[in-house]
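Participant: Let me give you the structure first, and then I'll get to my questions.
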Amino acid sequence: MLRNTDQNWGAIAKLLHWFMAVLIFTQIALGWLAVSWPLSPTKLNLFVWHKSFGMLMLALVVVRLLWRLASPTPALPTDTPRWERTAAHASHALLYALMITMPLSGWVINSAANIPFRIFWLVPLPHIVAPDKALADMAKTIHLGLFVTLSLVLVLHIGAALRHHFIKRNRILVRMLPIGERK
C-alpha cells in the first residue's frame, strides 16, 4: 500500500517520516559536533555535511507536504478528546514549520557570513541574503532557538506516540512503524 488510507499510513508517508527522523537526529549530532570541534579540515567537513543534509531536509519537507496534500491523513481514533486532536494538529504544524525554518535559518547564516558553499561538495548554493555580520549573528541565535524548540517538540512527539502505544493502547504508533502492524 503506497498511499495513505483513512485508517493507515502508506509506505511513502512512512518512508518520508522515518527518513526525515533519521536526518533530524543526524543533523543534531552533526551540528553539535561541528560547533564544538576545533578549527580543522574535519570541522569544515562536518559543517559541509550538516549544511548539505539541511538542504536535503528542506527539499524533502516540500515533498512531504506535497504528499500530505495528495494522500489523505489517517483519522485519529474516534475516542480522541478534542484537546488532544488540537494538540496533535498544532504539534504537527509546528514540526513542519521547524523543518522548514531550521534549514532556511542555516542558509541565511551561511549567506550572511558570505561563506561559499556547495551541497555535498557538488552543487553551489546561491546566497539568499547579502553579506551582513549582524544578520549572520542574529540568524545563529534564531537557529539555536529553533533547535531548542525542535528538541522540545520532538520529545513531545515521541512521548505522545509512546503514550498512545503503552498507555492508551491504540494503533497511533503502530500504524506509522516501518515494519507495519503485526496481527
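Participant: Output the number of the condition that Thr73 fails; it satisfies all remaining conditions of (1) modelled with pLDDT of 95 or more; (2) within 21 Å of the chain's Cα centre (by Cα).
Facilitator: (1)
Participant: Can you pull out every residue in the range 51-64 that is under 12 Å from the mean Cα position of the chain (by Cα) and either surrounded by 13 or more Cβ atoms within 10 Å (Cβ to Cβ) or of a type in the set (Lys, Arg) (or both)?
Facilitator: Within the range 51-64, the first condition is being under 12 Å from the mean Cα position of the chain (by Cα), and the residues that meet it are 53-62, 64.
Of everything in the range 51-64, those that are under 12 Å from the mean Cα position of the chain (by Cα) and either surrounded by 13 or more Cβ atoms within 10 Å (Cβ to Cβ) or of a type in the set (Lys, Arg) (or both) turn out to be Phe53, Gly54, Met55, Leu56, Met57, Leu58, Leu60, Val61, Arg64.
Participant: Looking only at the range 10-33, count every residue that is part of a helix (DSSP H, G or I), farther than 17 Å from Leu146 by Cα and not charged (D, E, K, R) and tell me the total.
Facilitator: Residues of the range 10-33 part of a helix (DSSP H, G or I): 11-33.
Next cut, farther than 17 Å from Leu146 by Cα only: 11-19, 22, 33.
Applying the additional criterion that residues be not charged (D, E, K, R) yields 11-13, 15-19, 22, 33.
Selection size over the range 10-33: 10.
Participant: Could we say that Arg163 is in a helix (DSSP H, G or I) and over 30 Å from Ser111 (Cα atoms) here?
Facilitator: On the way: in a helix (DSSP H, G or I): yes; over 30 Å from Ser111 (Cα atoms): yes.
When the stated conditions are applied, Arg163 passes them.
Participant: Another one. Of the conditions (1) surrounded by 15 or more Cβ atoms within 10 Å (Cβ to Cβ); (2) touching a residue at least 60 places away in the same chain (Cβ under 8 Å); (3) of a type outside the set (Val, Ile, Thr), Ser111 clears all except one; give me its number.
Facilitator: (2)
Participant: Looking only at the range 116-157, which residues are among the β-branched types (Val, Ile, Thr) and part of a loop (DSSP other than H, G, I, E, B)?
Facilitator: Let us first name the residues in the range 116-157 that are among the β-branched types (Val, Ile, Thr), namely 119, 123, 128-129, 141-142, 148-149, 153, 155.
Within the range 116-157, Ile128, Val129 qualify.
Participant: Now for a different question. Please identify the pairs in which a residue from the range 149-167 that is free of Cβ contacts under 8 Å to residues at least 40 places away in the same chain has its Cβ atom under 7 Å from the Cβ atom of a residue that is of a type outside the set (Phe, Trp, Tyr) and assigned to a helix (DSSP H, G or I), counting only partners at least 6 apart or on another chain.
Facilitator: From residues that are free of Cβ contacts under 8 Å to residues at least 40 places away in the same chain, the pairs are His165/Val174.
Participant: If we scan the range 37-46, do we find a residue that is buried (at least 16 other Cβ atoms within 10 Å of the Cβ), under 20 Å from the mean Cα position of the chain (by Cα), in a helix (DSSP H, G or I) and at pLDDT 95 or above? Steps first, please.
Facilitator: Pass one, the range 37-46, residues buried (at least 16 other Cβ atoms within 10 Å of the Cβ): 46.
Next, only the ones that are under 20 Å from the mean Cα position of the chain (by Cα) stay: 46.
Adding the requirement that they be in a helix (DSSP H, G or I) leaves 46.
Applying the additional criterion that residues be at pLDDT 95 or above yields 46.
Yes: the range 37-46 contains one or more residues that are buried (at least 16 other Cβ atoms within 10 Å of the Cβ), under 20 Å from the mean Cα position of the chain (by Cα), in a helix (DSSP H, G or I) and at pLDDT 95 or above.
Participant: Tally up the residues in the range 115-166 that are over 23 Å from Leu98 (Cβ atoms) and either among the acidic types (Asp, Glu) or surrounded by fewer than 12 Cβ atoms within 10 Å (Cβ to Cβ) (or both), please.
Facilitator: Number satisfying all stated conditions: 11.
Participant: Residues of the range 129-148 being of a type in the set (Val, Ile, Thr) and touching a residue at least 24 places away in the same chain (Cβ under 8 Å), which ones? Talk me through it step by step, then tell me what you get.
Facilitator: Taking the range 129-148 first, the residues of a type in the set (Val, Ile, Thr) are 129, 141-142, 148.
Matches in the range 129-148: Ile142 only.
The values are calculated or read from the model by the stated rules, or taken from the named source; none is laboratory data. Bear in mind the structure is a predicted one, so any value in this text is a computation, not a measurement. Positions of Cβ are generated from backbone atoms using ideal geometry, with glycine treated the same way; all protein chains shown enter the neighbour counts.
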